[in-house]
Every structure is written in C-alpha cells, then in structure tokens.
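Asks: My questions will all concern the structure given below.
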Amino acid sequence: MSFPEGRRRPASAGPSQSGRQAASRPRGRGGPGRPDGTEQQSIMVRRTIAIVGAVLAVILLVVLINGCLDSRKDNAFRDYAGEVRSLVSDEQDLSNSFFGTLSKPTRGDALDVQTQVNAQRVDAEQLVQRAKSTDPPGELSTANGWLVTAFQFRADAIGRIATLLPTALGDKGRRAAIDSIAGQMQALLASDVLYSQRAIPALTSAFSKRNIDEKFPTQQFLPDLGWLDPDTVQTRLEKLGGNAAQATTPGLHGTSLEGATAQPAGTALTDTGVNRIAVTDQLAFDVKVQNGGDSEETDVPVSITISDGKKISVDQTIPRIAAGQSETVSIPVTDKPDTGAVSTVTVEIAAVPGEKNTDNNKATYQVAFTGG
C-alpha cells in the first residue's frame, strides 16, 4: 500500500524478530561475569571446609604442643626427684662419716679430729650449693627451698662443732663446749624436722598434682637422740684421742640379750623350732638388752644378721642403759628376706668396754619368712 507523501508509516505493534530472539535468551542472575547461584554455593562450601580444616589443624597443633610441654615437664619433675635422692644419699653418707668421727676411738689428737670435721663441713657446704643449683620446675621451688634450708642447718652446725671440738676435748672450758655441742645437735634435729615435715610433704604434694608417683627417702641426719644430752656427748667424746680405756669406770661391766620380737606381728623369737614371720614393708626386730654391770653403759651396738643364701645385716645403737636396767631397740629391715626357705637370724650385742663375758650377748634363731 502506498501512502501519500508527508504521512508516516505506522510503527509495528509487535516486536521485531530480533527483539523476540533477544527476549528469549536467558540471563544469569549475577549479571555478566558473575557465577550463578549453584556455583557460588559450591565455592562457599569449599571455603567452609577449608576454614574448618585449618581450625582443626590449629587445634591439633596446640594439643601436640601441650602434650610435648607436659611430657617435658614430667621429665623435669622426674629428673629433679633423681637429684633429690642423690643429695639425700650423699647427706646420709656425710652423717655416717661425721658421727663416726665423733664416736670411734682414734689415735690422733683434738686437732686431728677438728681437721676431719672441718673437711666434713666443706662437704656439707658443697651439698648446700648442689641443692641451690638444681633448677627445679616452678611448682617445686618451695620444696627445694625447704631442702636447701635443712642442708644449711647441717652445714652450719657441723662448722660450729668443728670450732668447739678442741676445747671440748681439752681441760679448760670443756663443759661449756660440750654443752654447746649438744646445742648444735638440736640444730641437726631441726634439720631433720624441716626435711620430714616440710620438704617431703611439699614434694609429695607437687608430684601428686601431676599424677607422678615418686617416693622420697626419709633418712635422718641425727642418728639418735642421745646426742642431745650433754652427758652422753661427753661420754662419747671421751673415746676420742685413744681415751676409751680411761673412760671405763671401775666395777663389773656387761650386757645380755633378753629377747627379740619380730614386728609388726609381735612374734617373739624362740631358739627351738622354726619361727614363722610374714615379710612386710614394716618388718623390724625389737631387741631387748639388759645392763648387768655396775655402771651405766652408752652407745651399745646391736645387730641383726639374716642369712638365707644372701646376707642382710642391720645394726642400731642404744644410746644409754642404766646399771641394772633394760632397754629395747627397734631394728628395721628394709631389704626383704627370701621366702620359701628357712633362714638363720642372728642377734648380737657388741661387747661394752670392760666386758669380759660375752656368752649371753648373742642368739641364733631359725626363721621361715613368708609373703605378707
């Protein structure tokens, strides 16, 4: 159809073919260059997995590090326990040496004895320094402080006793020096109290909190309470310098064995038949000794020997037995005897100075030790 010039052709009412094609094409929700919803969700899942994996890896790393730190600390605790046992063992050796010097007759003079004790003082000071340099874990610092204090008490007392010895073994001022030595023995007793009532409980508590089962030695530095008595100290010091014979008083001297009882069961040993005794951690023998002489006896050694293939020997000292009186000493047996066979147990009292008849100082028993 033709239209007159000047009139416009009417616009088409419907879309053109190209427009319809454009409209029929689907368009992404994110617009050009952006992932659709499914792909975006997949990315989020992967990111979440990666984050969770990273968190788990960090947690595992922290657990491993803490485990390593705990193991290292446990090892430090155990190493320190070994150092404590070594220190206490050396302290016990020092005690044996020190009191051996003060108790056993010697051919030297007072200066020789003082020289020996001064050397022991040096050993005691070295043990103090070792205790100070142990570098314990922080939880053990209090316990180590008590240990150092106990050791320092001992070193100081030994040093003071060394200074007093020449006077105590001489003539002028002798009694006052002996009284002072007995006073220093109180310091050694105090060191034992510090160790047993402060150091060991603090150690045990700290180790228990870490669930570490450790046992610490309970030995005491002071061997017996007789050293606290000035009269006993004087009697013992009189044996120094070869004066043991001079210290023996006139009259009859002698002791006798009245009996032995196995503890904790309270079984009195008999020399007829076989005695049956249960072996426990508290196994000990109570030995009763009578002084049948005219004078008081001091430092009376008593020993127990168990022979059953292997030999176990333990001894203790009775500080004092008055004339005509009896005293009982308890002798603990820490080494367990063999069970299943009959053992020979020998109880013996050492002869006191001036004793001539020792027939009644010794007894032998047949014992079958059994499991506790």
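The values are calculated or read from the model by the stated rules, or taken from the named source; none is laboratory data. A quick note: this is a predicted structure, and the numbers were derived from the prediction, not measured. In this analysis, Cβ positions are derived from the backbone assuming ideal geometry, glycine residues included, and neighbour counts consider all displayed protein chains. All accessible areas refer to the heavy atoms of the entire protein, side chains included, with ligands and DNA or RNA removed. Shrake-Rupley method; radii C 1.70, N 1.55, O 1.52, S 1.80 Å.
Asks: Among residues belonging to the range 214-236 that are among the charged types (D, E, K, R) and within 14 Å of the chain's Cα centre (by Cα), point out the one that is least open to solvent (accessible area, probe 1.4 Å). Break it down into steps so the answer makes sense when it comes.
Replies: Going residue by residue through the range 214-236, those that are among the charged types (D, E, K, R) are 214-215, 224, 229, 231, 236.
Filter once more, keeping what is within 14 Å of the chain's Cα centre (by Cα): 214-215.
Numbers: E214: 39, K215: 154 Å².
Across the range 214-236, the extreme among qualifying residues is E214.
Every residue, every condition in (1) part of a helix (DSSP H, G or I); (2) open to solvent by 20 Å² or more (accessible area, probe 1.4 Å); (3) farther than 15 Å from L194 by Cα, yes or no:
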position	(1), (2), (3)
L140	yes, no, yes
N144	yes, no, no
L147	yes, no, no
F153	yes, yes, no
R160	yes, yes, yes
L164	yes, yes, yes
T167	yes, yes, yes
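Asks: Can I ask one more? Just one of (1) open to solvent by 40 Å² or more (accessible area, probe 1.4 Å); (2) farther than 30 Å from T364 by Cβ; (3) not in a helix (DSSP H, G or I) trips up R198, so point out which.
Replies: Exception for R198: condition (3).
Asks: Can you pull out the strands (runs of 3 or more DSSP E) entirely within the range 243-327 that have at least 3 residues that are within 19 Å of D224 (Cβ to Cβ)?
Replies: Details: elements: 255-263, 274-279, 284-291, 297-307, 311-321.
Hits in the range 243-327: 284-291, 297-307, 311-321.
Asks: Please list, ordered by first then second residue, the pairs with beta carbon atoms under 8 Å, 6 or more apart or interchain, first in the range 337-356 and under 30 Å from G293 (Cβ atoms), second charged (D, E, K, R) and open to solvent by 40 Å² or more (accessible area, probe 1.4 Å).
Replies: Cβ pairs passing all conditions: T346/K362; V347/K362; E348/K362; I349/K362.
Each row is one residue, and each column tells you yes or no for (1) open to solvent by less than 60 Å² (accessible area, probe 1.4 Å); (2) modelled with pLDDT of 80 or more.
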{"position": "S42", "(1), (2)": "yes, no"}
{"position": "V58", "(1), (2)": "no, no"}
{"position": "L61", "(1), (2)": "no, no"}
{"position": "L64", "(1), (2)": "no, no"}
{"position": "Y80", "(1), (2)": "yes, yes"}
{"position": "F99", "(1), (2)": "yes, yes"}
{"position": "Q120", "(1), (2)": "yes, yes"}
{"position": "T134", "(1), (2)": "yes, yes"}
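Asks: Would you point out which residue out of S191, S205 is part of a helix (DSSP H, G or I), surrounded by fewer than 18 Cβ atoms within 10 Å (Cβ to Cβ), within 33 Å of the chain's Cα centre (by Cα) and hydroxyl-bearing (S, T, Y)? Working first, answer last.
Replies: Numbers: S191 fails: surrounded by fewer than 18 Cβ atoms within 10 Å (Cβ to Cβ).
Result: S205 is the single residue among S191, S205 that is part of a helix (DSSP H, G or I), surrounded by fewer than 18 Cβ atoms within 10 Å (Cβ to Cβ), within 33 Å of the chain's Cα centre (by Cα) and hydroxyl-bearing (S, T, Y).
Asks: Quick one: is D123 over 16 Å from N96 (Cα atoms) and either charged (D, E, K, R) or in contact (Cβ under 8 Å) with a residue 24 or more places away in the chain (or both)?
Replies: Details: over 16 Å from N96 (Cα atoms): no; either charged (D, E, K, R) or in contact (Cβ under 8 Å) with a residue 24 or more places away in the chain (or both): yes.
No: the conditions fail for D123.
Asks: Checking I312 against (1) of a type in the set (V, I, T); (2) over 26 Å from R236 (Cα atoms); (3) in contact with a Pro (Cβ under 8 Å, 6 or more places away or on another chain); (4) open to solvent by 20 Å² or more (accessible area, probe 1.4 Å), which single condition isn't satisfied?
Replies: Result: I312 passes all but (4).
Asks: Give me the pairs, please: first residue somewhere in the range 259-277 and farther than 13 Å from S330 by Cβ, second residue anywhere and in a loop (DSSP other than H, G, I, E, B) and open to solvent by less than 80 Å² (accessible area, probe 1.4 Å), beta-carbon distance under 9 Å, and either six or more positions apart or on two chains.
Replies: Partner pairs satisfying both residue conditions: G259/L269; A265/T280; N275/L269; I277/L269; I277/L283; I277/P337.
Asks: Could you tell me whether any residue of the range 89-96 is under 17 Å from F216 (Cα atoms), out of contact with any Gly (no Cβ under 8 Å at 6 or more places or on another chain) and open to solvent by less than 50 Å² (accessible area, probe 1.4 Å)?
Replies: Taking the range 89-96 as the starting set, the residues that turn out to be under 17 Å from F216 (Cα atoms) are 89-93.
Applying the additional criterion that residues be out of contact with any Gly (no Cβ under 8 Å at 6 or more places or on another chain) yields 89-93.
Narrowing further to those that are open to solvent by less than 50 Å² (accessible area, probe 1.4 Å): 91-92.
Within the range 89-96 (the criterion being under 17 Å from F216 (Cα atoms), out of contact with any Gly (no Cβ under 8 Å at 6 or more places or on another chain) and open to solvent by less than 50 Å² (accessible area, probe 1.4 Å)), the answer is yes, since at least one residue qualifies.
Asks: Let me ask something additional. Looking at D231, D179 in this structure, which one is in contact (Cβ under 8 Å) with a residue 40 or more places away in the chain and of a type in the set (D, E)? Reasoning before the result, please.
Replies: Working: D231 fails: in contact (Cβ under 8 Å) with a residue 40 or more places away in the chain.
Selected residue: D179, the only one of D231, D179 that is in contact (Cβ under 8 Å) with a residue 40 or more places away in the chain and of a type in the set (D, E).
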